[in-house]
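Below is one structure, written out as structure tokens; the observations come after it.
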Amino acid sequence: MERYGRVTKEIYDELLALLGRGGVVMNDAEALDNYAWDQAGRIWGRMPEAVVKPADSAQVAAVMKIASRERIPVTPRGAGSGLNGGAVPLAGGIVLSLERMNRILEIDPINRVAVVEPGVVTNDLCRAVAEHGFLYAGYPMSTETSFIGGNFATNAGGGKVIRYGNTRRHVLGVEAVLPNGEIIELGGRFRKDTWGYSLLSLLAGSEGTLAVVTKLIVNLEPAPGKTVNLLACYPTLEELVESVAKVIGSGRRIISCEFMDRNLVKYTTEYLGCSLPEQERSEGYLLIQIEGDTEAQLEDGYETVGKICLECGAFEVFVAESRTDSAAMWSVRQNGLEGMRARDPHACASGDLMVPLSAVPEMIRRIKKISEEWKVEIGIISHIGDGNIHPIPLKPEGMTPERWAVYAEEFFAVLIGEAIALGGVGSGEHGVGHVKQKILTESKSAAELEVLRGVKRAFDPLGIMNPGKMFSPLD
């Protein structure tokens, strides 16, 4: 007997009756192709048999009951902006797209939470709560495209993690549909509990392998005070990375500390048609955002941090004088991947590395050394303040895209091995998906893997939830 059932005409008719004509896609290769891959690239894609677009949790539950009854694999999908194939339907079956579940249901100022559906675009939530004097601080760099549900599924981070933490810290509760179609509610409008095992924490970063999240209660922070952005230019990466710990430990309110190397800045400014100061002689930049309640506090912050950067070897520190200046600085950082892909459409961004802050200098050195040994040109961006590094390699000239897809992941596997040796892990925010599954399982002990697979079996005994990802093999 085959492990998985297929989406037959009878099941299609059942789904159609449940969701309506706009809620099911089948027998349309062009439409299905849009759900066959994510930003890891088409080469990792797989075609689904059907796509369903439920409008509420009741419809999600009904779809999961059908899938469980028929043993049909289900791949939950948000915006498709992931970089490791997490939303790719490896076993075919059903892609369950949450794009229609895109409402901000409530902004609750007393409890300082918002209640949202998983298909809400992150930046739409940020703008909505700002109108009420709040900040949603679970803020990945992909705010304009990513969905809140996808942020939770990968436990996304971003540039503000050193001040506010990653997504797990900002999701207080969820409604989720289990693989058998049962609906559970976890957490709530409170900020601490010691009330049994935290299934909520398990779902954060689980990449759709355990359940389908249909509603989220997210934490809201008070709106930040005044901020200022600094751009520090360094002649060498050694001087740059050695200064980061001193900046973070300065006692000033550092919201972001981001790193960009020479290659990334070169190609991104070419893509954007702009330039950064001292671009010809800078090997790297730190982009630092500081917060203060008053102008005096803000001035003390940027003067102190600027002095640290200069003492550590920066030959210039620029303070943004206006919102336009700040936007120009951040535009290069936020468009780094697009800039690298403008240089080479095959630029690979599936790998991010996480190391302790103390290991950042050595990790940067190892990345540079290994890229030279592998004859791979790279650009690097990093949430360097928390040790999260994103190398972006370019395809060597003459290498086929098919060979490059494998070569790039072999390259990342070596880098991940170095990160683990330095006390880190193979991803801080991009996740595992299926592209990094082999590396993940090789890095875990047999005892830990058995516990993790036991969690998977407890949630999903039939193995229908996003098979082939994380710890769930296809066979």
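The values are calculated or read from the model by the stated rules, or taken from the named source; none is laboratory data. For clarity, every value in this text was computed on a predicted model and none was experimentally measured. FYI the Cβ positions are ideal-geometry reconstructions off the backbone, even for glycines, and counts take in every protein chain you see. Note: accessible area is taken over every heavy atom of the protein model, side chains too, but ligands, DNA and RNA are not part of it. Shrake-Rupley method; radii C 1.70, N 1.55, O 1.52, S 1.80 Å.
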Give the ranking of L474, L220, L337 by solvent-accessible surface, highest area first, calculated with a 1.4 Å probe.
L474, L337, L220
Please work out the Cα convex hull volume for the chain and give it in Å³ per residue.
153
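What shape does region 246-342 take by its C-alpha gyration tensor, where a ≥ b ≥ c are the square roots of the eigenvalues and a/c under 1.5 counts as rounded, a/b above b/c as prolate, and the rest as oblate?
Values: a/c = 2.19, a/b = 1.69, b/c = 1.30.
Prolate is the answer for region 246-342, as a/c is 1.5 or above and a/b outweighs b/c.
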Once amide H atoms are built 1.01 Å from N in the peptide plane, which residues 5 or more positions from V171, or in another chain, come under 5 Å H to H?
N219
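Report the gain in length on full extension from A458 to A421: 0.36 nm times residue separation, minus Cα-Cα distance, nm rounded to one decimal.
Length gained between A458 and A421: 10.1 nm.
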Please go through region 159-204 and write out the chymotrypsin sites (Phe, Trp or Tyr not before Pro) that DSSP classes as loop and that have at most 13 other C-beta atoms within 10 Å.
F190, W195, Y197
Taking the full set of protein chains and a 1.4 angstrom probe, give the accessible area of H132 in square angstrom, rounded to the nearest 10.
110
Ranking by accessible area, most exposed first, for M47, M363 with a 1.4 Å probe:
M47, M363
Taking amide H positions as placed in the peptide plane 1.01 Å from N, state which residues far from D108 in sequence (5 or more) or on other chains have amide H under 5 Å from it.
V113, A114, V115
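Beyond 17 Å, what share of the Cα-Cα pairs of region 326-453 is found? Please give it as a whole percent. Walk me through the numbers on the way to the answer.
Numbers: 4842 of 8128 pairs.
When every Cα pair of region 326-453 is considered, 60 percent fall beyond 17 Å.
With all protein chains present and a 1.4 Å probe, how do F411, F147 order by accessible area, largest first? If you can, show how the numbers build up before the last one.
Numbers: F411 0, F147 30 Å².
Result of the area sort, largest leading: F147, F411.
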Taking max minus min of the Cα coordinates of region 37-112 on each principal axis, largest first, gives extents in Å of 47, 31, 16
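Hey, which of these cross-link pairs are over 21 Å Cα-Cα: K246/K369; K266/K436; K369/K438; K65/K215; K368/K438; K160/K436? Show your work: numbers first, answer last.
Values: K246/K369 25 Å; K266/K436 29 Å; K369/K438 24 Å; K65/K215 19 Å; K368/K438 24 Å; K160/K436 25 Å.
K246/K369; K266/K436; K369/K438; K368/K438; K160/K436, as the Cα separations exceed 21 Å there.
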Once amide H atoms are built 1.01 Å from N in the peptide plane, which residues 5 or more positions from R253, or in another chain, come under 5 Å H to H?
E291
Which one of S322, V129, S445 has its Cα pushed farthest toward the positive end of the charge dipole of the chain, where Lys and Arg give +1 and Asp and Glu give -1 at the Cβ?
S445
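For K444 and A58 in the same chain, what is the full-extension length gain: residue separation times 0.36 nm, less their Cα-Cα distance, in nm?
Details: separation 386, 0.36 × 386 = 138.96 nm, distance 3.72 nm.
Residue separation times 0.36 nm, minus the Cα-Cα distance, leaves 135.2 nm.
Say R0 is 56 Å: what FRET efficiency, to the nearest 0.05, do R69 and E373 get from their beta-carbon distance?
Values: r = 53 Å, r/R0 = 0.94.
Taking R0 as 56 Å, the efficiency between R69 and E373 is 0.60.
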Region 98-117-region 413-475 distance, computed between alpha-carbon centres (Å)
31
For a label point 7 Å from the Cα of Y197 along Cα→C-beta, name the residues of region 435-475 whose backbone N is under 15 Å from it.
448-461
Helix-only estimate, please: 222 nm mean residue ellipticity of the chain, summing -39500 (n - 2.57) across DSSP H runs of length 4 or more and dividing by its residues, to the nearest 500.
-11000 deg cm²/dmol
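What number comes out for the charge environment of G292, summing +1 per Lys or Arg and -1 per Asp or Glu over other residues with Cβ under 9 Å away?
Here the count lands on -2.
Which value, in Å², gives the accessible area per residue of the chain when a 1.4 Å probe is used on the protein heavy atoms?
On the way: 20120 Å² over 475 residues.
For the chain, the per-residue accessible area is 42 Å².
Could you give the dipole magnitude of the chain about its Cα centre, charging the beta-carbon of Lys and Arg +1 and that of Asp and Glu -1, in debye to the nearest 20? Don't jump to the answer; show the numbers that get you there.
Details: 49 positive and 62 negative charges, 215 e Å.
For this selection, approximately 1040 debye.
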If I model a spin label as a point 7 Å beyond the Cα along the Cα-Cβ vector, how far apart are those points for L310 and V414 in nm?
4.1
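Compute the signed sum of charges (Lys and Arg +1, Asp and Glu -1) over the other residues within less than 10 Å, Cβ to Cβ, of G23. Spell out each step's value before the answer.
Numbers: positive: R21, K53, R100; negative: none.
Result for the local shell: +3.
Full-extension gain between E402 and R169, please, as 0.36 nm times their residue separation minus the C-alpha to C-alpha distance.
Numbers: separation 233, 0.36 × 233 = 83.88 nm, distance 3.86 nm.
Taking 0.36 nm per residue and subtracting the Cα distance, the gain is 80.0 nm.
Report the net charge of residues surrounding R6, where surrounding means a beta-carbon distance below 9 angstrom and charges are Lys +1, Arg +1, Asp -1, Glu -1. Write down the numbers at each step before the final one.
Details: positive: none; negative: E2, E49, E70.
Once positives and negatives cancel, what remains is -3.
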Measuring from label point to label point, each 7 Å out along Cα→Cβ, what is the A29 to A130 span in nm?
4.4
